[in-house]
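Peer 1: The structure under discussion is supplied below as structure tokens; questions concerning it will follow.
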Amino acid sequence: MLTQEQKMMMTSDELEKISAIVSGGLDTIEKRFNSGDRMALMDAIALCASNDHPLPVWVRSAYLVAFGKVKGLECRSWDDAFGKPFPKGMGLPAARKMASGSWDVLITVERILLDEPGTPIDEYLFERVAEILKISTAQARKYYYASIKFT
């Protein structure tokens, strides 16, 4: 998350690039949400909040529907409305590691795709991401696909 001071020192091109990266991340998160991953809504809100990015219409609408179910006593818990924070059977330490690695990989992939439109999501891309983040290619691939489902 950038501070206001850091943002003040950035050029409009740099700020536009960050906005495009966030928008790309939101597109990925929206696909997760549309496929039934309710926790994706919380991820979208966090991504927007941490980057001073306006909430897309789908996020606002989905939040209001889920919150309305909680307030209207249609759900037994927040998890029923917004999804579980990590998959059943995954321990908290493993969930923390997966979430952290997945975000790093997703943001790195989004930056590459933004800088080089048309870049395929393939083994070469994962090799590049692995080199940038100092992780293995297998981890880059695993974290990328986990980010689509989990982060």
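Peer 1: Which Cα, out of Val57, Leu15, Ala95, lies furthest along the positive dipole direction of the chain (beta carbon charges, K/R +1, D/E -1)?
Peer 2: Comparing the listed Cα positions along the dipole, Ala95 ranks first.
Peer 1: For Trp78 and Asp115, calculate 0.36 nm times their separation in residues minus their Cα-Cα distance, and state this gained length in nm to one decimal.
Peer 2: That works out to 9.5 nm of additional length.
Peer 1: Quick one: with all protein chains in place, what share of the accessible area of region 30-95 is carbon or sulfur, to the nearest percent (1.4 Å probe)?
Peer 2: Roughly 61 percent of what the probe reaches on region 30-95 is carbon or sulfur.
Peer 1: Once you've got the Cα coordinates, tell me which of Lys31/Lys84; Lys17/Lys88; Lys31/Lys97 are over 27 Å apart.
Peer 2: Beyond 27 Å: Lys17/Lys88.
Peer 1: With a probe of 1.4 Å, find how much accessible area region 1-133 has per residue, and write the answer as a whole number in Å².
Peer 2: Value returned for region 1-133: 63 Å² of accessible area per residue.
Peer 1: Under a GNM of the chain (C-alpha, springs under 10 Å), which listed residue has the highest mean-square fluctuation: Ser102, Ser12, Ser136?
Peer 2: In this elastic network of the chain, the residue with the biggest mean-square fluctuation among Ser102, Ser12, Ser136 is Ser12.
Peer 1: Starting from the Cα-Cα distance between Ile132 and Val65, subtract it from 0.36 nm times their residue separation and give me the gain in nm to one decimal.
Peer 2: 20.2 nm
Peer 1: Also, quick follow-up: Of Thr108, Ala146, Ala130, whose Cα points farthest to the positive end of the dipole of region 96-148 (charges on the beta-carbon: +1 Lys, Arg; -1 Asp, Glu; origin at the Cα centre)?
Peer 2: Highest projection toward the positive end goes to Ala146.
Peer 1: Something else now. Could you give the dipole magnitude of the chain about its Cα centre, charging the beta-carbon of Lys and Arg +1 and that of Asp and Glu -1, in debye to the nearest 20?
Peer 2: Once rounded to the nearest 20, the dipole reads 840 debye.
The values are calculated or read from the model by the stated rules, or taken from the named source; none is laboratory data. If you're wondering where the values come from, they're calculated on a predicted model, not measured in any experiment. Here Cβ is always computed from backbone atoms with ideal geometry, including for glycine, and neighbour counts include all displayed protein chains. Accessible surface is based on the protein model in full, side chains and every heavy atom, while ligands, DNA and RNA are left aside. Shrake-Rupley method; radii C 1.70, N 1.55, O 1.52, S 1.80 Å.
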